[in-house]
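Visitor: Starting off with a structure, shown below.
The values are calculated or read from the model by the stated rules, or taken from the named source; none is laboratory data. Since we're looking at a predicted model, the values are computed, not measured. No Cβ is skipped: glycine too gets one built from the backbone with ideal geometry, and neighbour counts run over all protein chains shown. Just so you know, the surface numbers come from the protein's heavy atoms only, side chains and all, with ligands and any DNA or RNA stripped out. Shrake-Rupley method; radii C 1.70, N 1.55, O 1.52, S 1.80 Å.
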Amino acid sequence: MLTSKLFTLVLVVQPQQVLLGMKKRGFGAGRWNGFGGKVEPGETIEQAARRELQEESGLAVDVLQKMGRITFEFVGNTELMEVHIFRADSFRGEPTESDEMRPQWFELDRVPFKDMWPDDSYWFPLFLQKKAFVGYFKFQGQDTILEYTLKEAEEV
């Protein structure tokens, strides 16, 4: 039987730029990604998103816009990852490298999809257009998408 665990992902967007972090260790190391992680007991999904962004990038945000929810299944793993994706268009502080992530701004026409999770290229266009979405991606290992669904949603 499959169980589910909650995760967050925050992407900071400025005109014509997005802030990504190079994951330095752990799950997804060596890939550019947004900032996020596990929702801890006693915190809301949004509280976890804010905490993870601060811990991994040094940035604080006043407003998070919930953009998507994607469920990930990895063949051989009995735990699904339910990832709640947020967008921040304003922030306080300067992006700062942490033990886990090295932040870098990318022009929107130069997002390094080849060095990101394979699913990112599917949902990023909806995210950048501020269209809410829900999806499911089934992976074999960390590089092969076996099947997926992705659709715009009224709310997530």
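Visitor: When only C-alpha pairs under 8 Å and at least 6 residues apart count, what is the relative contact order of the range 74-156, in percent? Please report the intermediate quantities before stating the final value.
Guide: Working: 70 pairs, mean separation 21.9, N = 83.
Rounded, it is 26 percent for the range 74-156.
Visitor: Share of Cα-Cα pairs in the chain beyond 23 Å, in percent? Write out the running numbers ahead of the final one.
Guide: Working: 3889 of 12090 pairs.
Summing the P(r) of the chain above 23 Å gives 32 percent of all pairs.
Visitor: Follow-up. Just to verify a number: what accessible area does ILE145 come out at with the full protein assembly present, 1.4 Å probe, Å² rounded to tens?
Guide: We get 40 Å² for ILE145.
Visitor: Over the chain, with a Gaussian network built from C-alpha contacts below 10 Å, which listed residue (PRO103, PRO125, PRO15) shows the highest mean-square fluctuation?
Guide: Checking each option, the largest mean-square fluctuation is seen for PRO15.
Visitor: Post the alpha-carbon centroid distance, the range 1-52 to the range 65-94, in whole angstrom.
Guide: Rounded to whole Å, the Cα centres lie 6 Å apart.
Visitor: Using Cα springs under 10 Å in a Gaussian network model of the chain, which residue among LEU80, LEU19, LEU11 shows the largest mean-square fluctuation?
Guide: Result for the chain, Cα springs under 10 Å: LEU80 fluctuates most.
Visitor: Further question: Which value in Å does the Kirkwood hydrodynamic radius of the range 77-131 take, with 1/r averaged over all unlike C-alpha pairs and then inverted? Write out the running numbers ahead of the final one.
Guide: Working: mean 1/r = 0.0715 Å⁻¹.
Roughly 14.0 Å, rounded to one decimal.
Visitor: Probe radius 1.4 Å, ligands and nucleic acids ignored: give me the carbon and sulfur share of the accessible area of the range 1-130 as a rounded percent.
Guide: Details: 3170 of 6470 Å².
Carbon and sulfur: 49 percent of the exposed surface of the range 1-130.
Visitor: For the chain, what is the charge dipole size about the Cα centre, in debye to the nearest 20, if Lys and Arg each add +1 at the Cβ and Asp and Glu each add -1 at the Cβ?
Guide: That gives a dipole near 140 debye.
Visitor: Based on Cα coordinates alone, diagonalise the gyration tensor for the range 15-85, multiply each eigenvalue by 5, take square roots, and list the semi-axes in whole Å, largest first. Before the final figure, lay out the partial values.
Guide: Working: eigenvalues 86, 55, 33 Å².
In descending order the semi-axes read 21, 17, 13 Å.
Visitor: Would you work out which of LEU9, GLY93, LEU108 lies farthest towards the positive end of the dipole of the chain? Charges go on Cβ: Lys and Arg +1, Asp and Glu -1.
Guide: LEU108
Visitor: Quick check on the chain: helices-only [θ] at 222 nm, where DSSP H runs of length 4 and up contribute -39,500 (n - 2.57) each and the sum goes over total residues. Nearest 500, please.
Guide: Using -39500 (n - 2.57) per qualifying helix, the result is -4500 deg cm²/dmol.
Visitor: Helix 45-57 versus the longest principal axis of the chain: what angle, 0 to 90°, nearest 10, using Cα atoms?
Guide: 60 degrees
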